[in-house]
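The structure appears right after this line, and notes come after that.
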Amino acid sequence: MSLKPLLIVEEGPDKGRQFATEAVQFRVGRSEDECDFVLSDEDSAISREHFAVIRRGDAFLFNNLSRNGSTINGVKTEQTLLKDNDLIRVGLQTVIRFSLQEHRDSNVNPNFG
């Protein structure tokens, strides 16, 4: 089993939207061309490319890409390792929960061992 990230918008114009991926790296922001998870431009302080998450094994590294800044659990952050249930605030209104889901690797034989 491996861990799969799930982003859940808890507050803001996109409340209720979710994004799950198995990608090694993904970007979040308003740009449909540059981002994997595109947020509404109703929150005007969200940058076109607001942040990126890079997977390293079962660790997930958060990188702020915005001059407008981001906070993790209320602390302004440029780069940090994300933990299950961390709250990422971007823009003026948007809060995204970072959640880790167990995911069975498709190339693993569940009947072996």
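The values are calculated or read from the model by the stated rules, or taken from the named source; none is laboratory data. Since this is a predicted model, take the numbers as computed values, not measurements. Cβ: placed from backbone, ideal geometry, glycine included. Neighbour counts: every protein chain shown. The accessibility values were calculated without ligands, DNA or RNA, using every heavy atom of the protein model including side chains. Shrake-Rupley method; radii C 1.70, N 1.55, O 1.52, S 1.80 Å.
Residue count for the range 16-49 under the criterion of being without any contact (Cβ under 8 Å) to a residue 60 or more places away in the chain and under 18 Å from L81 (Cβ atoms): the result is 6. Look at (1) over 16 Å from R48 (Cβ atoms); (2) assigned to a loop (DSSP other than H, G, I, E, B) and you find that S66 fails only one, number (1).
Figure legend. Inter-residue proximity from the range 77-94: first residues within 20 Å of K15 (Cβ to Cβ), second residues part of a loop (DSSP other than H, G, I, E, B) and of a type in the set (A, V, I, L, M), beta-carbon distance below 6 Å, spacing 6+ or different chains. Indicated pairs: V90/I46; G91/A45; G91/I46; L92/A45.
Inside the range 71-89, can you point out the residues that are farther than 21 Å from E22 by Cα and touching a Gly at 6+ places or on another chain (Cβ under 9 Å)? The answer is K76, T77, E78, R89. Taken over the range 33-73, the residue count meeting the criterion of being of a type outside the set (A, V, I, L, M, F, W, C), open to solvent by 70 Å² or more (accessible area, probe 1.4 Å) and more than 12 Å from the chain's Cα centre (by Cα) is 11. Residues in the range 14-23 that are under 11 Å from the mean Cα position of the chain (by Cα) and either open to solvent by 50 Å² or more (accessible area, probe 1.4 Å) or hydroxyl-bearing (S, T, Y) (or both): Q18, A20, T21. Go through the range 1-16 residue by residue and tally those that are in a strand (DSSP E or B) and among the charged types (D, E, K, R). Total satisfying the criteria: 3. Checking F26 against (1) in a loop (DSSP other than H, G, I, E, B); (2) under 12 Å from the mean Cα position of the chain (by Cα), which test does it fail? With (1) in a loop (DSSP other than H, G, I, E, B); (2) under 12 Å from the mean Cα position of the chain (by Cα) applied to F26, the lone miss is (1).
Looking across the range 1-34, the residues that are under 13 Å from L65 (Cα atoms) and touching a Phe, Trp or Tyr at 6+ places or on another chain (Cβ under 8 Å) come down to F26, R27, V28, G29. When F26, F37 are checked against the criterion of being out of contact with any Asp or Glu (no Cβ under 6 Å at 6 or more places or on another chain), among the aromatic types (F, W, Y) and modelled with pLDDT of 95 or more, a single residue qualifies: F37. Note on the range 72-97: residues that are closer than 16 Å to G29 by Cβ and part of a strand (DSSP E or B) total 6.
Being open to solvent by 50 Å² or more (accessible area, probe 1.4 Å) and touching a residue at least 60 places away in the same chain (Cβ under 8 Å) is a property that holds for E11.
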